[in-house]
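Down below is the structure, laid out as structure tokens.
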Amino acid sequence: MSMFRIFDVAGSAVSAQSQRLNVVASNLANADTVAGPDGQAYKARQVVFRTELMGAGGTLGAEASAGVRVSTVVEDGTPGRRVHDPKHPAADAAGYVTYSNVNAVEEMVNMISASRSYQNSVEVMNTAKTLLLKTP
């Protein structure tokens, strides 16, 4: 693999983890929201990655490598948390308020994982740059 191909692979990882961090931020921002006027609460979203072949016409050969891309962003189908609070303005007829299904602890773990993956990819690019600059 060419040293320059490393930048493509690590760059794809940085881009994918950046999108993952944006989704986590959106989930955390909506962690304690209640159902809107349509009766639907915010649903947590998760990023799905896929492998993407880079170079050599998309076939894995001597000059090809595999990177990562975001395939889709899917909604978590888990029902939202329901709390009995009949005095809340968003309570339904039975007195329950439906909150989003975002688990803040899981999202924080997801954020730390994405952040570390992002940092590692940047470090790979920095190391490759240093090696290229030292190569005569």
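Points to keep in mind about this one:
- Residue check for R81: in contact (Cβ under 8 Å) with a residue 24 or more places away in the chain, in contact with a strand residue (DSSP E or B) (Cβ under 8 Å, 6 or more places away or on another chain) and of a type in the set (D, E, K, R): no
- Among the residues listed as V122, V109, V73, the single one being touching a helix residue (DSSP H, G or I) at 6+ places or on another chain (Cβ under 7 Å), of a type outside the set (G, A, S), modelled with pLDDT of 95 or more and more than 24 Å from A35 (Cα to Cα): V122
- Residues of the range 39-55 satisfying the condition of being hydroxyl-bearing (S, T, Y) and assigned to a strand (DSSP E or B): T51
- Pairs where the first residue, in the range 36-51, is at pLDDT below 85 and the second is open to solvent by 60 Å² or more (accessible area, probe 1.4 Å) and not β-branched (V, I, T), C-beta under 9 Å, 6+ apart: G39/D92
- Scanning the range 76-93 for residues that are acidic (D, E) and either at pLDDT 90 or above or not in a loop (DSSP other than H, G, I, E, B) (or both) gives D76, D85.
- Flag if V109 is part of a helix (DSSP H, G or I) and under 20 Å from A13 (Cα atoms): yes
- Members of the range 74-97 that are open to solvent by less than 60 Å² (accessible area, probe 1.4 Å) and small (G, A, S): G80, A90, A91, G95
- Residues being surrounded by 16 or more Cβ atoms within 10 Å (Cβ to Cβ), closer than 13 Å to A16 by Cβ and not aromatic (F, W, Y) - total across the range 110-136: 3
- Exclusive hit being in contact (Cβ under 8 Å) with a residue 60 or more places away in the chain and either acidic (D, E) or open to solvent by less than 80 Å² (accessible area, probe 1.4 Å) (or both), set S100, S71: S100
The values are calculated or read from the model by the stated rules, or taken from the named source; none is laboratory data. The structure displayed is predicted, hence computed values, not measured ones. All Cβ positions, even for glycine, are placed from backbone atoms using ideal geometry, and neighbour counts span all protein chains on display. To get the accessible areas, we keep the full protein, side chains included, count just its heavy atoms, and leave off ligands, DNA and RNA. Shrake-Rupley method; radii C 1.70, N 1.55, O 1.52, S 1.80 Å.
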